[in-house]
Amino acid sequence: MGAGRSRREATMLEWVGDNLWALWLALAVVFAVVEVFVLDLVFLMLAAGAAAALAAALAGGETWLQITLFSAVSLLMLAAVRPTALRHLRKGPPDQLTNVDTLPGRTAIVLEDTGATAGLAKVDGETWTARSATGAVIPAGAEAEVDRVEGATLVIHPRPVIDWESGAPGLPGGA
């Protein structure tokens, strides 16, 4: 039984050696699929190396040449192409604000009385912990403006309101 198993293993290794193109094709596909989920361009560069090795295998190149091509093309792609590609993908104005950096200056609706230490406010449908920048209590339901974000807390100040009957500007709650 041991001799039959060795013969089968040797036959399988011979098949893999004769059909190394199938291994390179499988690697290229697996790397490309992984790249779809990871999106950092590393596996795409490895897929390119596997594609180069696949081309060498289909052209009848020796195993050492296929492995060398895979290594060289992958390293070249990682060192030269990936940084340039990432730079183009992340292109945008240097002063472009994203995520939490866009909040200062936005209007918040105060959900519960907010003082110097605690409160809640809503900006664009998201509820945040909040505190008053001035220390004055901002009543629930009032509009406030976001001064800055500290961690997960909005620092807000009350927006002036106009008493339309008297025409006098003031702060929410009659302050």
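The values are calculated or read from the model by the stated rules, or taken from the named source; none is laboratory data. Owing to the predicted nature of the structure, the values given are computational and were not obtained by experimental measurement. Every residue, glycine among them, receives a Cβ derived from its backbone with ideal geometry; neighbour counts consider all protein chains shown. Just so you know, the surface numbers come from the protein's heavy atoms only, side chains and all, with ligands and any DNA or RNA stripped out. Shrake-Rupley method; radii C 1.70, N 1.55, O 1.52, S 1.80 Å.
Report yes if some residue within region 84-100 is of a type in the set (D, E, K, R) and open to solvent by less than 70 Å² (accessible area, probe 1.4 Å); otherwise report no. For region 84-100, residues of a type in the set (D, E, K, R) and open to solvent by less than 70 Å² (accessible area, probe 1.4 Å): absent. The residue that is modelled with the highest pLDDT, among those in region 51-92 that are charged (D, E, K, R) and assigned to a helix (DSSP H, G or I), is Arg82. Listed by first and then second residue, the pairs with beta-carbon distance under 6 Å, at least 6 apart or on different chains, first residue in region 99-115 and in a helix (DSSP H, G or I), second open to solvent by less than 60 Å² (accessible area, probe 1.4 Å), are Val100/Val149. Looking only at region 125-175, residues that are at pLDDT 85 or above, closer than 15 Å to Gly115 by Cα and of a type in the set (A, V, I, L, M) come to 12 in all. Taking every residue in region 45-65 that is buried (at least 20 other Cβ atoms within 10 Å of the Cβ) and pairing it with any residue that is assigned to a loop (DSSP other than H, G, I, E, B) and of a type outside the set (Gly, Ala, Ser), at least 6 positions away or on another chain, the pairs with Cβ-Cβ distances below 9 Å are Ala56/Glu62; Ala57/Asn19. Candidates are the residues of region 1-25 that are under 24 Å from Glu62 (Cα atoms) and open to solvent by less than 50 Å² (accessible area, probe 1.4 Å); the one that is farthest from the chain's Cα centre (by Cα) is Ala10.
Only one entry of Ala121, Ala108, Ala116, Ala57 meets the criterion of being aliphatic (A, V, I, L, M) and over 30 Å from Glu143 (Cβ atoms), and that entry is Ala57.
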